[in-house]
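*Asks:* Sharing a structure with you now.
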Amino acid sequence: MAYPDDLLSPSEHVVIHKHPHWKALVVPVVVLVAVLAGGTWLAVLAADLTWASIAWLVLAAVAALLVGWLVLAPVLRWRTTHLVVTTERVMWRMGVVRRVSLDLPLRRIDSVRFEQGVTDRLLRCGTLVIDSASDQPLELDDIPDVETVNSLLQREINDNPEDDYQPEDRVIDGRA
């Protein structure tokens, strides 16, 4: 999915657009299964009660609250979180109701590195750490394929338009 063009300057192009890694959705899926299993089990137990219909309504309300709070909210948060690297800046956008945005021009970035634990290495994700002129480095957690993102970001930071390949620079025998 491309990032909205109306947020980009005319000469700016998207290089990378990522959502957080899918591992952020593991806990909501486990919670969903647990709520459905627990709610079904309690509904079966309540079936023999004289006030079963009231118990089912209360169970449905509690299940809906839990699913909304512990499943839908994290999924929406994951879906609305974007890491976008363009030819001019790094953008980090997140939030559903309250929107949080960070734009960091590439020329302001001093260094970029990534951190991965054992689990992150197995899942091919990690934490991208961007150092800039600010006191604290920017740490972006759960970035999928963080090594590739790191190298592409390094390439964009160090990109010099003067050293780009130009087809007219080729010599006749095919060598550059």
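*Asks:* If the Cβ limit is 7 Å and pairs must be 6+ apart or interchain, which residue in region 107-123 that is within 21 Å of Ala24 (Cβ to Cβ) pairs with which residue that is assigned to a helix (DSSP H, G or I)?
*Replies:* What qualifies is Phe114/Val146; Phe114/Glu147; Phe114/Asn150; Gln116/Val146; Leu123/Lys23.
*Asks:* Is it the case that some residue within region 68-79 is modelled with pLDDT under 95, open to solvent by 90 Å² or more (accessible area, probe 1.4 Å), of a type outside the set (Phe, Trp, Tyr) and assigned to a strand (DSSP E or B)?
*Replies:* No, region 68-79 contains no residue that is modelled with pLDDT under 95, open to solvent by 90 Å² or more (accessible area, probe 1.4 Å), of a type outside the set (Phe, Trp, Tyr) and assigned to a strand (DSSP E or B).
*Asks:* Only one of (1) open to solvent by 80 Å² or more (accessible area, probe 1.4 Å); (2) without any contact (Cβ under 8 Å) to a residue 60 or more places away in the chain; (3) hydrophobic (A, V, I, L, M, F, W, C) fails for Ala37. Which number is that?
*Replies:* (1)
*Asks:* With Leu102, Leu123, Leu138 as the choices, which residue is touching a helix residue (DSSP H, G or I) at 6+ places or on another chain (Cβ under 6 Å) and under 30 Å from Leu72 (Cβ atoms)?
*Replies:* Numbers: Leu102 fails: touching a helix residue (DSSP H, G or I) at 6+ places or on another chain (Cβ under 6 Å); Leu138 fails: touching a helix residue (DSSP H, G or I) at 6+ places or on another chain (Cβ under 6 Å).
That would be Leu123, the only listed residue that is touching a helix residue (DSSP H, G or I) at 6+ places or on another chain (Cβ under 6 Å) and under 30 Å from Leu72 (Cβ atoms).
*Asks:* Cβ-Cβ below 9 Å, separation at least six or inter-chain, first residue in region 148-159 and touching a residue at least 12 places away in the same chain (Cβ under 8 Å) and open to solvent by less than 40 Å² (accessible area, probe 1.4 Å), second basic (Lys, Arg) and not in a helix (DSSP H, G or I): which pairs?
*Replies:* Note: pairs meeting the criteria are Val149/Lys18; Asn150/Arg113.
*Asks:* Return the residues of region 48-95 that are more than 14 Å from the chain's Cα centre (by Cα) and among the β-branched types (Val, Ile, Thr); say none if nothing qualifies.
*Replies:* Restricting attention to region 48-95, the residues satisfying the condition of being more than 14 Å from the chain's Cα centre (by Cα) are 48-73, 86-89.
Across region 48-95, the qualifying residues are Thr50, Ile54, Val58, Val62, Val67, Val71, Thr86, Thr87.
*Asks:* Which of the residues belonging to region 4-47 are closer than 30 Å to Pro105 by Cα and among the β-branched types (Val, Ile, Thr)?
*Replies:* Across region 4-47, the qualifying residues are Val14, Val15, Ile16.
*Asks:* Please specify each residue of region 95-112 satisfying the condition of being surrounded by 12 or more Cβ atoms within 10 Å (Cβ to Cβ) and either at pLDDT 95 or above or among the aliphatic types (A, V, I, L, M) (or both). Can you show your working first?
*Replies:* We begin by selecting, within region 95-112, every residue surrounded by 12 or more Cβ atoms within 10 Å (Cβ to Cβ); these are 95-96, 102-104, 106, 108-109, 112.
Passing the criteria: Val96, Leu102, Leu104, Leu106, Ile109, Val112.
*Asks:* Another question, if that's okay. Mind checking which residues of region 82-110 are of a type outside the set (Asp, Glu), under 26 Å from Ser11 (Cβ atoms) and part of a loop (DSSP other than H, G, I, E, B)?
*Replies:* Matches in region 82-110: Thr87, Arg99.
*Asks:* Right, another one. For the structure I just gave you, tell me whether Leu42 is out of contact with any Gly (no Cβ under 7 Å at 6 or more places or on another chain), open to solvent by 90 Å² or more (accessible area, probe 1.4 Å) and on the phi < 0 side of the Ramachandran plot.
*Replies:* Here the answer is no, as Leu42 does not meet what is asked.
The values are calculated or read from the model by the stated rules, or taken from the named source; none is laboratory data. Since the model is a prediction, treat every value here as computed from it, not as a measurement. A quick note on method: Cβ atoms are made from the backbone with ideal geometry, for glycine too, and the neighbour counts reach across all protein chains shown. Ligands, DNA and RNA are excluded from the accessible area calculation, which covers all protein heavy atoms including side chains. Shrake-Rupley method; radii C 1.70, N 1.55, O 1.52, S 1.80 Å.
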